[in-house]
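FYI, it's all coordinate maths here, none of it is from the lab. Note that the coordinates shown come from a computational prediction; the quantities given were computed from them, not determined experimentally. No Cβ is skipped: glycine too gets one built from the backbone with ideal geometry, and neighbour counts run over all protein chains shown.
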Amino acid sequence: MAIRDNVLNGHFARRPIERQLAAALGECFDITYGNEQQGFSFWLAEPNRATKERFALNQEVLVIYSPHKRTDARTLTTIEDISRNKDFKNRIDRVLILLIHCGDQAATKDLIANQTSWIIVPFSQDELVHARGNLFVRSRISEHAGAADLFGMSSPIRVDKYLFGRDELIQSLSNRLIEKGENAGLFGLRKTGKTSVLFAIERRTADRSRLMKYFDCQNPAHHNSRWWHLLQQIRDSLYESAVALGHPRPKSPPDYTEASGNFSHDMTSLLQIRGLERIVLMLDEIEYITPNISGALGKHWDADFVPFWQSIRAAHQETAGALSFIVAGVNPAGIEQTHFGTAPNPIFQLATPHFLEPLSPASVREMVRTVGKYTGLSFDEDTYAYLQAQYGGHPYLIRLACSEIWANVDTRQMEQRVAVSRAMFEALHDKIVERIARPLKDILLSLVWWYPDDYDLLCLAASGDNSFVRDYLKDSDTRAVLFTRYGLLDAATGAFVIPDLRDFLNEHGRVYEREISPFRRSDVPPDVLPDVPDIELLGRLFQKKCALEVQLRTLIVTYLGVRYNWNQVEIAKAIASALTRRNDRKDPMDTFVGRSLKDAMNDVYTRDLKDIIDRHWQMFSGIFDENRQRFDMNMDAVNKARRYDGHVKVITAKEVENFENSYNWFERCLARVKML
C-alpha cells in the first residue's frame, strides 16, 4: 500500500499527477495524509519497516510537492510553516524532508545547500516518474543523508532539533526572565553552547508581547562605544524590533549624551505600547565590557561599566521587572564582584549566575545517536561511555570526534547504516586530536585571557605536579569550584576530565600562553587569531633539515667527484643536467658560471638534491637500500618541512612524526658512508 484509501479518495482524488508521484514513493513509504498550503501540496509519509531500520525513522516524513517552475525561498518558508503547525510538529520527523519539484535541478540544489536546518532530499517530477530503478528513492535518501556532516556544525545552534542536554537549563532561565521578571547570568568555557542557549530562550519564548534582543559585546560597534552610546544602540535596536513585531513605531527621542539621556524613561515608554509586556536584553561575551579584563580598545569600560549598568538597573526597577536581562560569557566577575575600584557593582547579586555543565552520559547518548542516524552512522553502546570519558561531556569536542569518524567512512551505503565501534575512535585518535586542536586552543584562550593565574595552575596540573595543585586547591575553594564547574577537573580526584586537553597543555601550554600574551586583554576576537606554532619544535626540525642538506650535498659532490676524477666542469654539468628551469634559474648551468663548485652548491636546495640523486640513481642506489620509491617519499617529507620554518606554519604531530621517520631513515643510510 503506497497511499492510504482515505487519502487516495480525498486529497489525491482530483490530482492524478500527485497520485502518480506519491505512488512512486511506495518502495519506502505509505502516504497517510495530504493537503495544500500556500500554493504547495504536502503529504505525510509513514516509512515502511525496511526504511525505518535503515534510517532509524520513528515518525512520519514531510513530503513537499512544488508544481512551480522555479524552486525558491517560498519552498523553505512553507516547510518551516508546516513543521511549526501544532497539528504536525509532533508528528513529523524533525530533520528529514522530501521535496518533489518541477524547477531547475541546479537551482534547487543550490537552494537546499544554503540551509542547515533540514536534510532536504530533492526529486524532480520527471525523474521520479520516468527514470527510476530499483530502490531509487531509498538510494537518493542515502545519498543526501550521508552527504551531510551534521556533527561538524561549528556555528551557534539556532534550531531545537540539534540542541541536546540543555532543556532544563533553558526552561529555568526562561521562567526566571519571562515569568518572574528576574535577571540571570550564563557562564561557561568557549564552544560549550552559551550562545545556542540564548538563541533557544529567544526562540522558545518568542511572542508578540515579548521583545527579546540579542547583543554580542564582542562586536567592536558595541565594546568600542562609550556607555551612553551603547545604551542608545540598545534603545534604537529595541525600537526597530518593536516595529518588526507589528507594533507602531515609537516616537524617536533625542540622542543620548554623557550628561543626558533617560534610558529608564524610554524603556517605560516602549512598554506602554499596546500589547507589549516584556523586554529582555541578552548581552553575550560580557567580558568585553567588564572592568579590568576588557580589551585595550575597550579600556574605557573600567570607568563606563558602573554608569552603564546603573542605567539598566534603574530601568529594571522602574519597570517592576518588565525589563530584565541575561549576561553570558566566561568570567562572571561582572555580576559576582562586589566593587570595581571604590565603586559598588550595580548588578552585584542582581543577576543569578548559572553555569553550563558538561553533558550527562544520557545527553551524550541522545545527541550522538540522534544526529548519527541522519548521517548514516549507527553507534555501538560502548561508544557513548567512551566519548563521555574522553571528552568530558564537552558537546563540541564530542561532535568533532564523531565528525572525523563520518569523514573516514562511506555513509552513502544504501542497505544499512555504518556501525561505529569504540575501536574506530581509538584507531582515528591521532586524526581526532588534530581536528580538535583549534577548539582546544579556544577553550584555553578563555583561561589565558580571563583567568591567567588559573591557567598557570592548570599547566602545573598537566605537568604532573598534582601534589602542589591539590594543596593549593584545598586553600582556595574558589579555584577548585572554577575548575570543576567548567568541567576541566574532576571534583573528587582532581584529574583532568578531558585527557587531550591535559596532553595539549603539557606539550604546548606554555608556548601558547607566551605567544598570545600580548592579546591577553582580548584586543582581537579569538576566532581570527592565527594559529601559534611551537617555535622551539620548528627550530629543532630546521636544525635537522639543515644538517641533512649538508650531508646530501657532500655525498653528491663526493660521488660525482670520484666519478669524474674531480673535474669541476664535468661535475657541474652532471649536477646541472638534473636541475629544473625556474624564474630565477633560466639555465641551470648559470648556477656554476664564474663560481667555485663549493659556492654553487650552496644554492642547491632540498628539491634539487632529490632531482640530482634521482638523475644519477644508479650511482647512489646502494646507499639508499636500492629503494627509489622510499627515497623519493622521504625526500618529499623532508622538503615539505621547509614550509614550516620558511613561513612559520603550525606543524601537526603527524607531520612531525613523518619528518622524524624520514630523517632517521636518511641518517641510517648515510651512516654507511664515510664522508670526506
First check a/c for region 167-355, with a ≥ b ≥ c the square roots of the eigenvalues of its C-alpha gyration tensor; if it is under 1.5, answer rounded, and if not, answer prolate when a/b is larger than b/c or oblate otherwise.
oblate
Distance from a point 7 Å along Cα→Cβ of VAL550 to each backbone N in region 571-612: keep the residues under 17 Å and list them by number.
598-606
For ARG204 and LEU135, extending 7 Å from Cα along the Cα-Cβ vector and measuring point to point gives, in nm, a value of 4.0 nm
Within the chain, helix-based [θ] at 222 nm, where runs of 4 or more DSSP H residues each add -39,500 (n - 2.57), nearest 500:
-15000 deg cm²/dmol
What percent do you get for the relative contact order of region 535-670 when only Cα pairs under 8 Å and 6+ apart count?
27 percent
How much FRET efficiency would the formula 1/(1 + (r/R0)^6) give for THR342 and HIS300, where r is the Cβ-Cβ distance and R0 is 22 Å, rounded to 0.05?
0.80
Want the number for ASP490 to GLU127: 0.36 nm per residue separation, take away the alpha-carbon distance, what's left?
125.0 nm
Using the Cα centre as the reference, give the magnitude of the dipole from point charges on the C-beta atoms of the chain (Lys, Arg: +1; Asp, Glu: -1; all else neutral), rounded to the nearest 20 debye.
1280 debye
Which of rounded, prolate, oblate describes the chain, given a ≥ b ≥ c as roots of the alpha-carbon gyration tensor eigenvalues and a/c under 1.5 marking rounded, otherwise prolate only if a/b is larger than b/c?
oblate
Which FRET efficiency value, to the nearest 0.05, do you get for THR652 and ASN85 by plugging their Cβ-Cβ distance into 1/(1 + (r/R0)^6) with R0 = 45 Å?
0.40
Return the long-range amide H neighbours of VAL418 (sequence gap of 5 or more, or a different chain), with a cut-off of under 5 Å between placed amide H atoms.
LEU377, SER378
Would you list, by chain and number, the aspartates and glutamates whose Cα falls below 14 Å from the Cα of LYS89, excluding same-chain residues fewer than 8 positions away?
GLU60, GLU80, ASP81, ASP160
If I model a spin label at ARG274 and ASN565 as a point 7 Å from the Cα along the Cα→Cβ vector, what separation in nanometres do I get?
11.2 nm
Starting from the amide H of ARG190, placed 1.01 Å from N in the peptide plane, find each other amide H under 5 Å away whose residue is 5 or more places distant or on another chain.
SER446
Would you mind checking which residues have amide H under 5 Å from ILE279's amide H? H placed 1.01 Å from N; only 5 or more apart, or other chain.
LEU211, LEU323, SER324
Under the classification rounded if a/c is under 1.5, otherwise prolate if a/b is larger than b/c and oblate if not, where does region 359-427 fall, given a ≥ b ≥ c as square roots of the Cα gyration tensor eigenvalues?
prolate
Between GLU53 and ASP380, with labels modelled 7 Å along Cα→Cβ, what's the label distance in nm to one decimal, could you check?
2.1 nm
Using the Karplus equation 6.51 cos²θ - 1.76 cosθ + 1.60 (θ = phi - 60°), what ³J(HN,Hα) coupling, rounded to whole Hz, does each residue of region 321-338 give in order, writing x for Gly and Pro?
x, 5, 9, 10, 8, 10, 10, 9, x, 9, 9, x, 4, x, 10, 9, 7, 6
If R0 is 25 Å, what FRET efficiency do you get for GLU434 and VAL511 from their C-beta distance, rounded to 0.05?
0.90
Ranked from highest to lowest mean number of other Cβ atoms within 10 Å per residue, what is the order of the peptides 613-625, 118-130?
118-130, 613-625
